[in-house]
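Report on the structure given below.
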Amino acid sequence: DAGITQSPRYKITETGRQVTLMCHQTWSHSYMFWYRQDLGHGLRLIYYSAAADITDKGEVPDGYVVSRSKTENFPLTLESATRSQTSVYFCASSPTSGRTDTQYFGPGTRLTVL
Amino acid sequence: AQSVTQLDSQVPVFEEAPVELRCNYSSSVSVYLFWYVQYPNQGLQLLLKYLSGSTLVESINGFEAEFNKSQTSFHLRKPSVHISDTAEYFCAVSVSGSARQLTFGSGTQLTVLP
């Protein structure tokens with residue numbers, strides 16, 4: 001039972017470069033989410049997806065792009081990385097059934113932009 | 001829009017002492033409430049949740065939280081903490097019909113001292 005995985009776990013890049021963070025889940029959950037975690041801010045929602053080919057902006061979407069061609073994958077792309085995007089990024093998924101609203105989180109990707 | 005306030009950023013407590021981590025929320029509509037725990041270098045794990053029914057909810061490892069609608073609070077308590085409870089704790093709120101979006105508080109670092 002692999003659950004939800006993220007890759008890479010650590011990434012160092014330079015300002016202006018494009019970088020893609022991968023997220024993969026094996027549960028066939030309909031909903032997937034991307035958050036960034038910064039000290040003093042908790043987790044803030046970047047983008048979310050209710051199903052394949054359906055995505056929507058969260059609280060802090062600027063500078064990020066997402067796609068979801070398959071239910072199990074939800075990559076996050078920083079088109080031109082900036083230092084302010086240095087953060088820990090978490091992917092999460094949630095099932096459709098019931099009212100549970102529980103989200104299941106991946107282990108995170110620590111991104112450093114120099 | 002909803003918001004979550006965690007009043008204490010850090011809570012140090014001695015082993016076997018009781019602890020309370022405070023969480024207040026604001027929302028104009030009905031909410032679902034969650035506590036997540038994050039151990040060092042890991043993703044978030046659901047600790048407990050309130051969806052409806054009994055206002056007192058419990059986790060399997062001895063934590064409990066009580067939903068207080070009049071005070072818009074969802075404080076987390078444990079009567080006797082262990083070293084292994086050292087972690088960061090996040091309170092989160094979801095609004096019915098919000099596509100399962102979670103709004104997180106800024107987190108409380110609980111440190112259990114020997």
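Residues that are open to solvent by 40 Å² or more (accessible area, probe 1.4 Å) and in a loop (DSSP other than H, G, I, E, B) within segment B:28-47 comprise B:SER28, B:VAL29, B:SER30, B:TYR39, B:PRO40, B:ASN41, B:GLN42, listed in sequence order.
Taking the criterion of being more than 14 Å from the chain's Cα centre (by Cα) and modelled with pLDDT under 95, would at least one residue in segment B:15-24 satisfy it? No, there is no match, as no residue in segment B:15-24 is more than 14 Å from the chain's Cα centre (by Cα) and modelled with pLDDT under 95. Any residue that is under 21 Å from A:LEU45 (Cα atoms) and open to solvent by less than 10 Å² (accessible area, probe 1.4 Å) - is there at least one of those in segment B:15-23? Among the residues of segment B:15-23, at least one is under 21 Å from A:LEU45 (Cα atoms) and open to solvent by less than 10 Å² (accessible area, probe 1.4 Å), which makes the answer yes.
For residues in segment B:60-76 being assigned to a loop (DSSP other than H, G, I, E, B) and more than 11 Å from the chain's Cα centre (by Cα), which is surrounded by the fewest Cβ atoms within 10 Å (Cβ to Cβ)? Give the steps one after another, and end with the answer.
Filtering segment B:60-76 down to residues assigned to a loop (DSSP other than H, G, I, E, B) leaves B:60-63, B:69-72.
Next cut, more than 11 Å from the chain's Cα centre (by Cα) only: B:60-62, B:69-72.
Details: B:ILE60: 7, B:ASN61: 12, B:GLY62: 13, B:LYS69: 10, B:SER70: 5, B:GLN71: 10, B:THR72: 16.
This residue is B:SER70.
Among the residues making up segment A:69-84, those that are open to solvent by 10 Å² or more (accessible area, probe 1.4 Å) and without any contact (Cβ under 8 Å) to a residue 60 or more places away in the chain are A:SER69, A:LYS70, A:THR71, A:GLU72, A:ASN73, A:PRO75, A:THR77, A:SER84. Suppose we keep only residues that are of a type in the set (Ser, Thr, Tyr) and within 14 Å of chain A (Cβ to nearest Cβ) within segment B:54-109. Which one would you say is farthest from A:LEU39 (Cα to Cα)? Among them, the one singled out is B:SER96.
Scanning segment A:85-111 for residues that are surrounded by fewer than 14 Cβ atoms within 10 Å (Cβ to Cβ) and in contact (Cβ under 8 Å) with a residue 24 or more places away in the chain yields one hit, A:THR96. With the condition kept exactly as written, say whether any residue in segment A:47-66 is facing another protein chain (nearest Cβ under 10 Å), under 17 Å from B:PHE90 (Cβ atoms) and among the aromatic types (Phe, Trp, Tyr). Within segment A:47-66, not a single residue is facing another protein chain (nearest Cβ under 10 Å), under 17 Å from B:PHE90 (Cβ atoms) and among the aromatic types (Phe, Trp, Tyr). Residues of segment A:70-82 that are over 17 Å from A:THR5 (Cα atoms) and out of contact with any strand residue (DSSP E or B) (no Cβ under 9 Å at 6 or more places or on another chain): A:SER80 alone.
The values are calculated or read from the model by the stated rules, or taken from the named source; none is laboratory data. As the structure is a computational prediction, the values presented were derived from the model and not from experiment. So basically every Cβ, Gly included, is an ideal-geometry build from the backbone, and we count neighbours across all protein chains shown. Side chains are part of the model used for accessible areas, which takes the heavy atoms of the whole protein and leaves out ligands, DNA and RNA. Shrake-Rupley method; radii C 1.70, N 1.55, O 1.52, S 1.80 Å.
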